[in-house]
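K.L.:
Attaching a single structure in structure tokens format; questions to follow.
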Amino acid sequence: MYLIEDKGGAIVLMLLSLLFLGTWPAVLTLLERRGRLPQHTYLDYSITNLLAAVLIALTFGQLGESKPNMPNFFTQLSQDNWPSVLFAMAGGVVLSIGNLSTQYAWAYVGLSVTEVISSSMIVVIGTVLNYFLDNRMNKAEILFSGVACFLVAVIFGSAVHTSNAADNEQKLIGTTDSCKEKDSTKDLENGSSTTKDPTKAEPGTAEYLIEVEERRSIKVFGSRTFIGLGIVFFAGISFSLFSPAINLATNDQWHTLKDGVPHLVVYTAFFYFSISCFVVAIGLNILFLYRPMAGVPKSSFKAYLNDWKGRQWALLAGLLCGFGNGFQFMGGQAAGYAAADAVQALPLVSTFWGILLFGEYRKSSRRTYILLGCMLSMFVAAVALLMASSGHRTTK
């Protein structure tokens, strides 16, 4: 079995995890905005998300000889380690519920704000739990300064959403639902008005917002902001528990294992974690095919099987998320799970994709841009501080 044990290797894994975990939501958001049903997308995503855990377990988890205190993946499958297995599977359950929630939240409040608020809640709640579970192995003064930056980012993230929503309302004033009239489109960025061709709507214009609404699978016009924010905060609470659950599964701080039974290695814990995540996601999304949420059309399992539009992107998203989570846990086992929560600065990545792919914040007001800049600055500071707080876990 191959383990990352040095701080430098752990930081590299965290940075890769940050990239992957910040990218997969953008891929799923792209599919939703193109009209693919979220149930279909998430079923595809769940398959490759589990596949990533299996690949990690069969490679890193099987490299080298098995040792009594660090057995290989296959060896651990037959050991009496069920208390730790249940912790890992509980982590998979809350992660799956959180992912399902954000799948709808993206439509209501946008990719950037969803990731900002949910990831910041993970750090504020989850990092504190991990710090004490890891016996305070991280540098507290640095770690909690980073947590404070994440908390400030939550405030800025909420303000960005409120300001951007007000900007969009201003853009839509005087624009008909059909978008056939050649109304003047308000450009809040430049303080001017321009006439746009609705067949080639420019990102940030009223025509663009209406085109996206007509094409997307989750209809959000007329919905209250608080609905989206409520979903986001629920997702954040769910997300904040999955990393501490993996921490308990791999390090047995509550001494639930019998004497002589080795702790779960991170690869075995991640395997069980991903199985429960897969089961919950498949079960709920099959239910949502026939009893959809948020005004999404009904579907069927047969319709899902025949829906190949964008399937490759959904499968790619599952791989990115699976490897991103795996790398986060590998880095956390080496440098402390509290420090590994630095990967929750994924809004740095998702905001980039949101602007590049979806035109988020285009032609918004100066106030929105200032708030957005403050938010991103807080994330940069938070990543630097959390990674600087990395400790070193000794293996017996």
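The values are calculated or read from the model by the stated rules, or taken from the named source; none is laboratory data. Model, not experiment: these values are computed from the prediction. Neighbour counts are summed over all protein chains in view; Cβ atoms, including those assigned to glycine, are modelled from backbone coordinates with ideal geometry. Areas reflect the complete protein model, heavy atoms only, side chains present, ligands, DNA and RNA absent. Shrake-Rupley method; radii C 1.70, N 1.55, O 1.52, S 1.80 Å.
K.L.:
Restricting the search to the range 356-375, which residues are touching a helix residue (DSSP H, G or I) at 6+ places or on another chain (Cβ under 8 Å), open to solvent by 50 Å² or more (accessible area, probe 1.4 Å) and within 19 Å of Leu19 (Cβ to Cβ)?
P.N.:
Residue satisfying the conditions is Leu357 alone.
K.L.:
The conditions are (1) among the acidic types (Asp, Glu); (2) within 26 Å of Gln39 (Cβ to Cβ); (3) surrounded by fewer than 18 Cβ atoms within 10 Å (Cβ to Cβ), and Asp259 fails exactly one of them. Which is it?
P.N.:
(2)
K.L.:
While we're looking at this one, here's another question. Would you mind finding the one in Phe144, Phe156 that is within 29 Å of Thr205 (Cβ to Cβ), out of contact with any His (no Cβ under 9 Å at 6 or more places or on another chain) and open to solvent by 30 Å² or more (accessible area, probe 1.4 Å)?
P.N.:
Phe156
K.L.:
Pairs only if they're at least six apart or on different chains, beta carbon under 6 angstrom, first in the range 273-301 and closer than 14 Å to Tyr45 by Cβ, second open to solvent by 30 Å² or more (accessible area, probe 1.4 Å); list them, first residue then second.
P.N.:
From the range 273-301, the pairs are Ser274/Leu50; Phe278/Leu50; Val280/Val93.
K.L.:
Do any helices (runs of 4 or more DSSP H) entirely within the range 323-396 hold 3 or more residues that are farther than 28 Å from Ala57 by Cα, modelled with pLDDT of 85 or more and of a type in the set (Val, Ile, Thr), and if so, which?
P.N.:
366-388
K.L.:
Grab the helices (runs of 4 or more DSSP H) fully contained in the range 46-129, keeping just those with 3 or more residues being closer than 17 Å to Ser243 by Cβ and hydrophobic (A, V, I, L, M, F, W, C).
P.N.:
Fully inside the range 46-129 and qualifying: 82-109.
K.L.:
On to the next question. I'd like to check something: does the range 265-286 contain any residue that is outside any helix (DSSP H, G or I), buried (at least 20 other Cβ atoms within 10 Å of the Cβ) and not small (Gly, Ala, Ser)?
P.N.:
yes
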